[in-house]
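Written out below as structure tokens is the structure these notes cover.
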Amino acid sequence: MCGVIGLVCDRSRADLGQIAGELLVALQYRGYDSAGAAVQGDAVDDVALRKGVGAPSDLVPELGIDRLEGKVFCGQVRWATFGVVDEKNAQPHVVRCKTFLYGAHNGNVTNCDALKEWLTAEGHEVLSDNDGEMVVHTVEHFFAEELTRTDDRDAAMRAAVVRASAKLEGSFAAVVVDPVTHRAVAIKRGSSLYFGLGSTERGAFAIASSDLSSVLGHTRVLVPLAEHEMVVYDANDFAVYATKDGATLEREPVRSHLRVEDAVLQPPFETFMEQEIHAQPETVRDALRVFGGGSDAARSAREKGLAFDASAHEALNQAFEALRSEYAEDSLRAALEAVAALPLAQALAADAVELASAERGFFADLIAIAPERERIVHGLDAFLEAREVDELARGVGQTVERMLASIERGGRIYLVCCGTSFHAAKAASLFFAELAGADVIPLLPGEFRGQYALTLRDGDLLVSVSQSGETKDLIDVVDVVIGSGLDIGRVAIVNNLNSTLAQEKSHVVVPLRCGPEIAVPATKSFLNQLTVFYGLARRLGEARGREVTPWPDLSRLVEQTIETTRAPLERAAELVHLAPSMHLLATRLLAVAKEGALKIREVVLNHTEGFEGSEFKHGPNTILGFNTLFGPAQVQALLDHVATSVAQAADPHRFVKDALHHSMRALYADYPLVFITGPDARDVDLTISQIHTHKIRGALPVMIAEEDPRLRAAIEKPPADRPDYRSVYVALPPTGDTLQAAFSASVALQLLALRMSVKKMAYLESLGLKDHGVHPDVPKNVSKSITVD
């Protein structure tokens, strides 16, 4: 994944470089191998290109991007795929072979090498191996040809993009600027791309970006774009066209319902990962509302609405749709007054409570614009939430119906997903087995293609799970199912309802309702996936006639976990943050161990594995005791020991060999094992056995479980020959339920990974090491959503 931005203002601005720098840094989570900016002033040739190797947060001040002035900004942050990480392969690219263009891309053009050969043969000077340069040169090539046929530069650009799209293979989004007209074209072809319009006291502007939050940071007014579409624009005008044939597409601006504060770091948090972990009680509550009928305000609004006939509801629907279609403040005020005049809206008026509908960002804007109508707006929010919950409940109901039908037809239910979503699916298999007595099959896309793609049959059900809804591996699998021609249902569980999976690839969509997630490591999206799966399993169990216990307060459980585990997790992080390797050993909660291991690997950059606890003794336990796996703390101890020994030796040269030999013992460190179990008695017994087996062989154990005196005794009692033995018990809030422990243990492991990352980052920076890549939000080599193969 990379990130691309195209911002066009209606006049030159002295602060454009500052805005450009902020946008690049905001996209750093999408790529930090290299970054760059092309900033153009009023003149055609006034294009300043600044790019280099490194993270945007370092490059923006270093290259002086934040001090540039201009009218147009094209920027890119790179997560390298084609071409090594160097300045030549950094983007944007300015090309002048056949005509003059500049631009950048996000994604993966798979015929990059063949394009380079073709472009070179056609007389282009290709300076890099980067597929982004191939995109810009290819558009340039056809743009130059089209300019020989017409003086209409917009028409020439549209035709050039159509021809280039036929030539380019793969999935990408791109921004290309014509410096003569100061107009840009943004192309959506298999990668995320968002487009917005706005104005300030300094004038109008339009912005295209791979990242929705960077657009929302400047405007709430969006123009929806679908796959294989392009938008040609400047600050005051835009038009949308099909990339396949250049056909004009009607598209009206809409006002976003997302909250800007979800995409901005709020005090007192220092990282997005920390902020998003602490947001989970709210996001879990949002997900649960789908299964519980909504908030109290929503239920009240639903009851009030029953007193009005269909014509009153239709009048409110029409007035509200008219309100939503406006985006200028004066027009919004007038449309809101029209809504407020309706009897149903007046009946719904309510005192201020927490906004809870999917349009709460829009409603917060309305309150800021017209505070005198706050009660009307809160009533609308509650009424809309009630409608949303009813609609989403239908999606849940349709999913359960499809699951029932698949089971009755002898079909198989596949949960196909990647990364964190795959771990949520593995936890789901436990939920469905215990709550519904049903089998579901969690699979990675590659596993699905290898094990099941050739044996699909009518009655199967494919459930695809993705935070972004744009994961390329997963979309490819859905395409395989669609191409089979079989009667296979398709359900998508996604956070981004405007994504490819939700809009184009599924019969039924179930939303995660966790809001934007900025940090690369998934936290609240994972927990909401667990919540949605837990709810679906309960509903399926009810539909199959199974007795299901009352709903637990999962939101409060998450909140209690954050509140009560802080101190022991801080001790554990201090003990293990410099460990080069560790294992997480779970009893029955393998999905939790694997997700926790992924979080630690992502943000601490050590080697961490999640295992079913009993499997550790089948080979991996050889790592216990003296080994040759060394981390920075051990290496520092070795250096200190050797230096002291040599300094004290009568003959240092003769003593060096002996000193090194004896100093190897300084490299020894107990190996961290994090044990995870639910409160089930059998699981506790198995975990106790594993603790005793491993701690006498050199383990540093951390226990994550609900309070249990036998577990605590097993963890805390040192072996007889180990006076230096250390351990930590992280007590989870008591529930007596293994399924609930999956939630609390997951949160505890997120917090452990966060604190380990912060501590290791501080340690490495204290040594003066740069480019170490340890960071809770933007760890090296990974990206938020993988939109390349």
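The values are calculated or read from the model by the stated rules, or taken from the named source; none is laboratory data. Everything numeric in this text was worked out from a predicted model, so none of it was measured. Don't worry about glycine lacking a Cβ; one is built from the backbone with ideal geometry, like all the others, and counts go over all protein chains shown. With ligands, DNA and RNA removed, areas are computed over all heavy atoms of the protein, side chains included. Shrake-Rupley method; radii C 1.70, N 1.55, O 1.52, S 1.80 Å.
Numbers below:
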quantity	calculated
Single match in P267, P253 (criterion: surrounded by fewer than 16 Cβ atoms within 10 Å (Cβ to Cβ) and either at negative phi or in contact (Cβ under 8 Å) with a residue 60 or more places away in the chain (or both))	P267
Total residues in the stretch 143-160, condition hydrophobic (A, V, I, L, M, F, W, C) and either surrounded by fewer than 17 Cβ atoms within 10 Å (Cβ to Cβ) or free of Cβ contacts under 8 Å to residues at least 24 places away in the same chain (or both)	4
Near pairs, Cβ below 6 angstrom, 6+ apart or cross-chain, from the stretch 109-125 (touching a residue at least 24 places away in the same chain (Cβ under 8 Å) and over 18 Å from A174 (Cα atoms)) to any residue that is assigned to a helix (DSSP H, G or I) and open to solvent by less than 60 Å² (accessible area, probe 1.4 Å)	H124/H137
Positions within the stretch 316-347 being in contact (Cβ under 8 Å) with a residue 24 or more places away in the chain, part of a loop (DSSP other than H, G, I, E, B) and farther than 26 Å from S300 by Cα, in sequence order	E326, Y327
Options E87, E62: the member that is among the acidic types (D, E), open to solvent by 10 Å² or more (accessible area, probe 1.4 Å), in a loop (DSSP other than H, G, I, E, B) and within 22 Å of Q28 (Cβ to Cβ)	E87
Conditions (1) in contact with a strand residue (DSSP E or B) (Cβ under 7 Å, 6 or more places away or on another chain); (2) surrounded by fewer than 23 Cβ atoms within 10 Å (Cβ to Cβ); (3) closer than 17 Å to E574 by Cβ; (4) not aromatic (F, W, Y): number failed by A669	(1)
Selection within the stretch 106-115 - modelled with pLDDT under 95 and of a type outside the set (D, E)	N106, G107, N108, V109, T110, N111, C112
Residue match in the stretch 270-289 (condition: part of a strand (DSSP E or B), of a type outside the set (D, E, K, R), open to solvent by less than 20 Å² (accessible area, probe 1.4 Å) and more than 30 Å from G395 (Cα to Cα))	no
Candidate set from the stretch 539-569 (those that are within 18 Å of E401 (Cβ to Cβ) and assigned to a helix (DSSP H, G or I)); member that is most open to solvent (accessible area, probe 1.4 Å)	E542
Within the stretch 168-208, strands (runs of 3 or more DSSP E) holding 3 or more residues that are open to solvent by less than 10 Å² (accessible area, probe 1.4 Å) and among the hydrophobic types (A, V, I, L, M, F, W, C)	170-178, 183-189
Whichever residue in the stretch 90-108 is free of Cβ contacts under 8 Å to residues at least 60 places away in the same chain and not in a loop (DSSP other than H, G, I, E, B) and, among such residues, is nearest to the chain's Cα centre (by Cα)	H93
Residue in the stretch 534-550 that is in contact (Cβ under 8 Å) with a residue 24 or more places away in the chain, within 28 Å of R712 (Cβ to Cβ) and charged (D, E, K, R) present	no
Some residue of the stretch 126-136 being within 23 Å of L24 (Cα to Cα) and open to solvent by 20 Å² or more (accessible area, probe 1.4 Å)	yes
Unmet criterion (only one of (1) open to solvent by 40 Å² or more (accessible area, probe 1.4 Å); (2) at pLDDT 95 or above; (3) more than 24 Å from L598 (Cβ to Cβ)) for R755	(3)
